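First comes the structure, then the notes that go with it.
The values are calculated or read from the model by the stated rules, or taken from the named source; none is laboratory data. Everything quoted here is computed from the prediction, not taken from an experiment. Counting neighbours? That spans all protein chains shown, and the Cβs are built from the backbone with ideal geometry, glycine included. Note: areas computed on protein heavy atoms with side chains; ligands, DNA, RNA excluded. Shrake-Rupley method; radii C 1.70, N 1.55, O 1.52, S 1.80 Å.
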Amino acid sequence: MRALGAILLAVCTTWLVSQPAFAEKRVALVIGNSAYRNVVRLANPANDSEAMSTVLKKAGFDVVELKRDLGVNEMRRALRDFSDNVRDADIAIVYYAGHGIEINGNNYLIPVDAVLERDIDAFDEAIPLDRVLTVIEPAKQLRLVILDACRDNPFNNSMKRSIGSRAIGRGLAKVEPESPNTLIAFAAKAGSTASDGDSTNSPFTAALVKFLPRPGLDLRKAFGYARDDVLKATNNRQEPFIYGSLGGDDVALVPATDKATANATKGIDDATLELAFWESIKNDKNPQLFQAYLNRTREGCSRILQKSTCNSRRPRPSIQPASIIRTTRSNSEIPHCFARFVSGSTS
């Protein structure tokens, strides 16, 4: 009896603890700006944003908003609308592919209609990175910004400085997120530029879509693997970099595959499962559980009869069809770890 109880406890406990903990709300905004009107257009952001959107949708995100070739007003509206989704989210991600620049230590995402004749025009014609961070701040568990936007500044030669000492940097400036559980991923570390790539996707996004969907892989490891791939693809000319920090728990984009349940029941034959199932229901008053047992095994009849003989003074549960129909309890009360036994599958 104790051995059977141990089997029952081990199988069901293993099943319970192995369930993926991804009941939280996960939302993402994906922006790809390729068709710039006043500077040379970029080839890959449209493809990169499509690829990242597909990855996030397959990962089961509740909301994935894909926007491409946005002007400044459209980018502002997209962020404002996305803030409504973030309000009650656990995980919020903003992915941006396109031009990004740094002016006097501040990072900006560049809409496709930007002119930027002067450095101060960035206040009106570009989107500050700080605004993106503010939008995702309400997320409870993870705030993630991915910027495939560290390309050469196409406005650098034509942009007038309002103050001679105002710096327009190469690439993007280093950032230090103020909110906890916030990561900002640059395609190239601060002060350096990223390649748009010669293939369908940029080196950074190509690496991300390779590693981010791996089941159970912590984001920090995924970005680390992506860094290694980009370094290899660019002959060490481009090094992605992550700013911010997370706690000690793993945070994976895709839940780990549930092998624990299969491993727990592997090697446990049907006879053992049948006996363990009987032990778990024999004192129950629910006729539906007994019916499920009888439907599955010939031994059920003899066990029911034996139980009735040994406990003749106890009221026996009715297993007549009418009683089963009248019961208010459902088949969902059958322990999940016995699903293979009850369904009749022996695989």
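Working from Cα pairs under 8 Å separated by at least six residues, relative contact order for the range 34-84 is 30 percent. Local charge for residue 116 was computed over the other residues whose Cβ lies under 11 Å away, with Lys and Arg +1 and Asp and Glu -1, and equals -4. For the range 45-169, the relative contact order works out to 31 percent when only alpha carbon pairs closer than 8 Å and six or more residues apart are counted. Stretched out straight at 0.36 nm per residue, the stretch from residue 234 to residue 250 would grow longer than its current Cα-Cα span by 2.8 nm. Surface calculation, 1.4 Å probe, protein heavy atoms: residue 68 sits at approximately 110 Å² accessible. Within a straight-line Cα-Cα reach of under 17 Å, residue 67 can be paired with the following aspartates and glutamates, leaving aside sequence neighbours fewer than 8 residues apart in one chain: 48, 50, 81, 84, 113, 148.
Here the extension length gained between residue 80 and residue 214 equals 45.2 nm, from 0.36 nm per residue of separation less the Cα-Cα distance. The Cβ shell under 12 Å around residue 60 holds other residues with a net charge of +2, Lys and Arg each +1, Asp and Glu each -1. Using every pair of distinct Cα positions in the range 29-99, the Kirkwood expression returns a hydrodynamic radius of 12.7 angstrom.
Taking amide hydrogens as placed 1.01 Å from N in the peptide plane, the amide H of residue 189 sits under 5 Å from those of 239, 241, each at least 5 positions away in sequence or on another chain.
Computed over Cα pairs, the Kirkwood radius of the range 205-248 leads via Stokes-Einstein (1.002 mPa s, 20 °C) to a diffusion coefficient of 196 µm² per second.
FRET efficiency for residue 157 and residue 198, Cβ-Cβ distance as r, R0 = 35 Å, nearest 0.05?
0.90
Per-peptide packing, taken as the mean over residues of other Cβ atoms within 10 Å, places 35-42, 103-110 in the sequence 103-110, 35-42 from highest down. Taking a Cβ cut-off of under 15 Å around residue 185, the surrounding Lys, Arg, Asp and Glu residues balance to a net charge of 0, with basic ones at +1 and acidic ones at -1. For the range 36-160, the fraction of C-alpha pairs farther apart than 24 angstrom is 27 percent.
With just the Cα atoms defining each centre, how far is the range 217-235 from the range 21-53? Give it in Å. That distance is 19 Å.
Considering all C-alpha pairs of the range 83-212, those separated by over 27 Å amount to 22%. Over 21 Å apart at the Cα level, from the set 25/57; 25/210; 210/232; 58/189; 58/174; 189/232, are 25/210; 58/189; 58/174.
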